[in-house]
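Nothing in this text is a laboratory measurement; each read-out follows from the coordinates by a stated rule. Given the structure is predicted, the values throughout are model-derived calculations rather than measurements. In this analysis, Cβ positions are derived from the backbone assuming ideal geometry, glycine residues included, and neighbour counts consider all displayed protein chains.
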Amino acid sequence: MTDLETSIATIINVFQKYSEREGDKHKLKKSELKDLLHDELPDLMAHVKDQSTLDGLMESLDADGDSECNFQEFMTFVSVVTACCHEFFEHEEE
């Protein structure tokens, strides 16, 4: 597999690793999303100081209002974080 194919497979596997813990295996409950963020993005989460920030993140991701994060909503989050990281490192090089 190419690097990009491996990356895509990894994103899918990480989502499923957490989503299958409780209830619907195609959606992340709030607790599953919290665990995923803390386990898989510890450097990013080190900047989150309170629960209300996490609650706000969950609400902003929940486009369909079902109080869960489906894969499409999760990918929106991954895309935004990736774009922000790209911009950060692009400015670091200047």
Residue-averaged [θ]222 nm for the chain, counting only DSSP H segments that reach four residues, each worth -39500 (n - 2.57)
-22000 deg cm²/dmol
In debye, nearest 20, what is the charge dipole magnitude of the chain about its Cα centre with +1 on Lys and Arg Cβ and -1 on Asp and Glu Cβ, if you could check?
440
Order by protection proxy (mean Cβ within 10 Å, highest first), peptides 57-69, 1-13
57-69, 1-13
Do any trypsin sites (Lys or Arg not before Pro) in the range 18-57 lie in a loop, going by DSSP, with at most 12 other beta-carbon atoms within 10 Å of their beta carbon, and if so which?
LYS25, LYS49
Work out from phi, with θ = phi - 60° and the Karplus expression 6.51 cos²θ - 1.76 cosθ + 1.60, the ³J(HN,Hα) of each residue of the range 32-44, listed in order in whole Hz, and give x for Gly and Pro.
5, 5, 4, 4, 4, 4, 5, 7, 9, 10, x, 5, 5
Can you tell me, using C-alpha contacts under 8 Å and at least 6 residues apart, the relative contact order of the chain as a whole percent?
22
Any idea what log10 I(q)/I(0) is at q = 0.13, 0.14, 0.22 Å⁻¹ for the chain, Debye with uniform C-alpha scatterers and no solvent?
-0.48, -0.56, -1.24
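Length gain on complete extension for the stretch ASP24 to ASP64, per 0.36 nm per residue less the alpha carbon to alpha carbon distance?
12.9 nm
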